[in-house]
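Report on one structure; see the data block that follows.
The values are calculated or read from the model by the stated rules, or taken from the named source; none is laboratory data. What you are looking at is a predicted structure, and each value in this text was computed from that prediction instead of being measured. Cβ coordinates were reconstructed from backbone atoms using ideal geometry, including for glycine residues, and neighbour counts include every protein chain displayed. Accessible surface is based on the protein model in full, side chains and every heavy atom, while ligands, DNA and RNA are left aside. Shrake-Rupley method; radii C 1.70, N 1.55, O 1.52, S 1.80 Å.
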Amino acid sequence: MEIMKKTTISAIVVLMTFSLFFFAMLVCPGKQCSTSTVVNKAIPNEDQASNEDLPILRGTRRLISRAFNISTHDVMVVLHIQKTGGTVFGKNLVQNLKLQRPCEFREDNIYECKRPGSNQVWLYSRYSTGWICGTHSGFTELASCMPEILRKQSLAPLRSNRIFYVTWLRDPIERFLSEYGHVRRGATWKTAKHVCNGKQYTLPKCYRGDNWRNVSLKTFLNCPYNLAFNRQTRMMANISQVGCYGGGDSNEKQKAMLRSAKKNLRNFAFIGLVEYQKESQFIFEQTFGLEFREPFVQRTRTFSKTTLNRLSPGEIRKIQLTNRLDMQLYEYAKDLFLQRLEYFKTLPLKKKPTA
């Protein structure tokens, strides 16, 4: 009798163990459960392949914990992607910020933006230093160029995490059409350097002669070398890790480039979205503790919107396909942007003293 009792108890224990195991598999498939959450999302292991999907507010909290200080060695670096509102934003930085030491106009549309009580520059942008790392430098060019620039200005030793990168992104279809319209008027950006891993690349051109003036949209879409395709992803990514500008355009390379761009987005101190001017201004002011004199303006009538309304579904679909990486990046950026916006709304408004 005693043996039968022990056998029965053992069988019950084994049955309960298997029941718990199968229950866990149903509730937590693939070991996806976690007790740590941000915005009701489980935090995956950072070593997993889905690294680009880590909770994006983690980076925001880290940025807040090391607030920008214009009076120390902190520098702001603007990554200006073509046709994403960077020109307007750049002018706002040098003309519209309330600063203890305002940026001073020099010549050729350039302003000197120096720290209070110092001759050191705190802002590196088109309108404060010119294209110091090349015309419309992407992250790859800036990351390799800026440390040397800062060393030459006697800022060494400067920890890399004191460089605050900022940029703007835009709806990929509208940005692409805006670039098309700009190229159609004669823009070429010939002076862009395309430097990667210490090598300057000469890329094939889509046109003969000095420019691509009056190009049709069909021709613009059909050039395989067109840098307008997925420009936001390419400029946000560290392409030195994916074969630079060579080695073809395989699916693996595209996936790696998109992962790199997402990672950099999370680490940027500020990302503005053209479609959210008011909210972008709020996030910038809360991030940096700086204030603009005049509010940002939301434009509702643009060349790209007008052109988009005239396109056929087939043409729109082709633009989406040729910019599929940018489409994915923009959705990720919008998620990051809106979560940062909600995060800042939960915090007490920063007092914005004149920097």
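Values as computed for the structure displayed
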| read-out | value |
| --- | --- |
| Inter-part distance where the stretch 233-273 and the stretch 81-152 are each reduced to a Cα centre, Å | 23 |
| The stretch 289-333 - Rg (one decimal) and Dmax (whole number), Cα, Å | 15.7, 46 |
| Calculated FRET value between GLN200 and ARG162, using beta carbons and R₀ = 22 Å, to 0.05 | 0.20 |
| FRET E, pair LEU349, GLU275, Förster distance 41 Å, beta-carbon r, rounded to 0.05 | 0.95 |
| Percent breakdown of C-alpha pair distances by 10 Å bin, ordered from the shortest bin, for the stretch 193-267 | 17, 45, 30, 9, 0 |
| Rg and Dmax [Cα atoms of the stretch 216-315; Å; Rg one decimal, Dmax integer] | 17.7, 48 |
| Relative contact order for the stretch 122-208, counting Cα pairs under 8 Å that sit 6 or more residues apart, in percent | 32 |
| Zone residues, the stretch 273-308, relative to ALA67, backbone N less than 13 Å from point 7 Å out along Cα-to-Cβ | 285-291 |
| Whole-Hz couplings from phi, Karplus 6.51/-1.76/1.60, listed for the stretch 193-201; x for Gly and Pro | 8, 6, 9, 8, 6, x, 10, 9, 9 |
| Gain upon complete extension [SER250, SER118; 0.36 nm per residue less C-alpha separation] | 42.6 nm |
| Whole-percent carbon and sulfur share, accessible surface of the stretch 253-314, 1.4 Å | 49 |
| The stretch 205-336 - percent relative contact order, Cα under 8 Å, separation 6 or more | 28 |
| Theoretical gain in end-to-end length, THR219 to GLU294 [0.36 nm per residue, Cα-Cα removed] | 22.9 nm |
| Length gained when the stretch LYS190-ARG208 is fully extended (0.36 nm per residue, less Cα-Cα span) | 5.2 nm |
| Order by protection proxy (mean Cβ within 10 Å, highest first), peptides 283-292, 251-260, 297-306 | 283-292, 251-260, 297-306 |
| Net charge of neighbours whose Cβ lies under 11 Å from the Cβ of LEU217, counting Lys and Arg as +1 and Asp and Glu as -1 | +3 |
| Selection from SER137, THR72, GLN120, by position along the positive dipole direction of the stretch 68-161 (Cβ) | THR72 |
